[in-house]
1. Within segment 25-47, how many residues are under 20 Å from E60 (Cβ atoms) and open to solvent by 50 Å² or more (accessible area, probe 1.4 Å)?
2. Give the residue, chosen from L62, L103, L55, L89, that is at pLDDT 80 or above and open to solvent by 90 Å² or more (accessible area, probe 1.4 Å).
3. Which numbered condition in (1) part of a helix (DSSP H, G or I); (2) loosely packed, with under 13 Cβ neighbours inside 10 Å; (3) at pLDDT below 90 is the only one that K19 fails?
4. Within the set of pairs 6 or more residues apart or between chains, which connect a residue that is farther than 13 Å from T66 by Cβ and among the small types (G, A, S) inside segment 1-21 to a residue that is open to solvent by 60 Å² or more (accessible area, probe 1.4 Å) and at pLDDT below 90 with Cβ atoms less than 8 Å apart?
Amino acid sequence: MSFRENLKSELSFRGILVKELSLKTGINKRTLDNYLREKGNIPPADIAVKIADALNVSVEFLVTGTEKRPNLETSEIFPADIRQIAKKLSGMTENEKSLVRALVDEIVRQTSPIANSAQS
């Protein structure tokens with residue numbers, strides 16, 4: 001994956017808007033939008049470091065899409081049940097992952113305090 005795709009994916013994963021990233025990094029929103037365009041530029045190293053720091057990932061991850069992260073099976077970061085789910089998700093197609101995301105979003109929507117108070 002490209003820098004653009006990795007940045008876009010990480011923003012989506014973290015639920016961060018470009019304008020929020022702009023505020024966190026001090027990088028102009030238009031500049032960030034340029035990195036997210038189909039034919040956008042790759043930022044210079046100092047800018048990539050600011051973006052990576054704000055997203056709590058490595059520059060290596062933004063550039064290559066991979067990095068030396070803890071193995072999900074042995075990591076203490078997530079409980080065992082979450083690691084099992086992550087392992088299953090990693091083997092799914094993008095379409096299957098999209099369906100899982102939609103299902104989780106719907107469950108969260110239905111179980112949120114706001115949704116519950118509206119149903120009462």
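1. Result for segment 25-47: 5.
2. Numbers: L62 fails: open to solvent by 90 Å² or more (accessible area, probe 1.4 Å); L55 fails: open to solvent by 90 Å² or more (accessible area, probe 1.4 Å); L89 fails: open to solvent by 90 Å² or more (accessible area, probe 1.4 Å).
From the options L62, L103, L55, L89, the qualifying one is L103.
3. It is condition (3) that K19 fails.
4. Note: no pairs meet the criteria.
The values are calculated or read from the model by the stated rules, or taken from the named source; none is laboratory data. Note that this is a predicted model, so its numbers are computed, not measured. FYI the Cβ positions are ideal-geometry reconstructions off the backbone, even for glycines, and counts take in every protein chain you see. With ligands, DNA and RNA removed, areas are computed over all heavy atoms of the protein, side chains included. Shrake-Rupley method; radii C 1.70, N 1.55, O 1.52, S 1.80 Å.
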